[in-house]
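Heads up, the thing below is written out as structure tokens.
The values are calculated or read from the model by the stated rules, or taken from the named source; none is laboratory data. Here the structure is a predicted model, which means the values were calculated and not measured. In this analysis, Cβ positions are derived from the backbone assuming ideal geometry, glycine residues included, and neighbour counts consider all displayed protein chains. All accessible areas refer to the heavy atoms of the entire protein, side chains included, with ligands and DNA or RNA removed. Shrake-Rupley method; radii C 1.70, N 1.55, O 1.52, S 1.80 Å.
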Amino acid sequence: MGAGASRRPARPGARTLVLAVDDSPEAAVAFSWVRANVLRPSDSLALVHVHDPGVGEEQARRKVAKLEELCHKHGIPVPPP
């Protein structure tokens, strides 16, 4: 763990899965597939999005917020950044 990182209390059988996402239709399909086939109720999902340097920081934040809203809509816990 890096400096300043904190551990969340462990839940029996809990996993944190990492999914790289972008604005592509393929990323949306990957998200749906992971949600339907891999995630367990006790899991958390960490979304990784690397924004293009040509895209403004505010636009990148909006994209990440949109992805987090999608997770919350489906009851998927998202760990804090």
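Rounded to the nearest 10 degrees, what's the angle between the helix 57-73 long axis and the longest principal axis of the chain, both from Cα atoms, 0 to 90?
40
I need the peptides 74-80, 43-49, 32-38 ranked by packing, meaning the mean over residues of other C-beta atoms within 10 angstrom, with the highest value on top.
Per-residue Cβ counts within 10 Å, averaged per peptide and sorted highest first, yield 43-49, 74-80, 32-38.
Identify which of the listed values of Cα extents along the principal axes in Å was calculated from the structure shown: [x] 42, 30, 25; [y] 47, 19, 16; [z] 42, 34, 18.
Matching the structure shown: [z].
At a 1.4 Å probe radius, carbon and sulfur cover how many percent of the accessible area of the chain?
The computed percentage sits at 57.
Which whole-number value in Å² is the accessible area per residue of the chain, probe 1.4 Å?
Ligands and nucleic acids excluded, the figure is 74 Å² per residue.
With unit charges on the beta carbons (Lys and Arg positive, Asp and Glu negative) and the dipole taken about the Cα centre of the chain, which residue among Gly56, Ser32, Pro80 sits farthest to the positive side?
Pro80
Between rounded, prolate and oblate, where does the stretch 24-68 land on the alpha carbon gyration tensor, with a ≥ b ≥ c its root eigenvalues, rounded for a/c under 1.5, else prolate if a/b exceeds b/c?
prolate
How far apart, in nm, are the 7 Å Cα→Cβ label points at Val38 and Val18?
Each label point lies 7 Å from its Cα, and together they span 1.2 nm.
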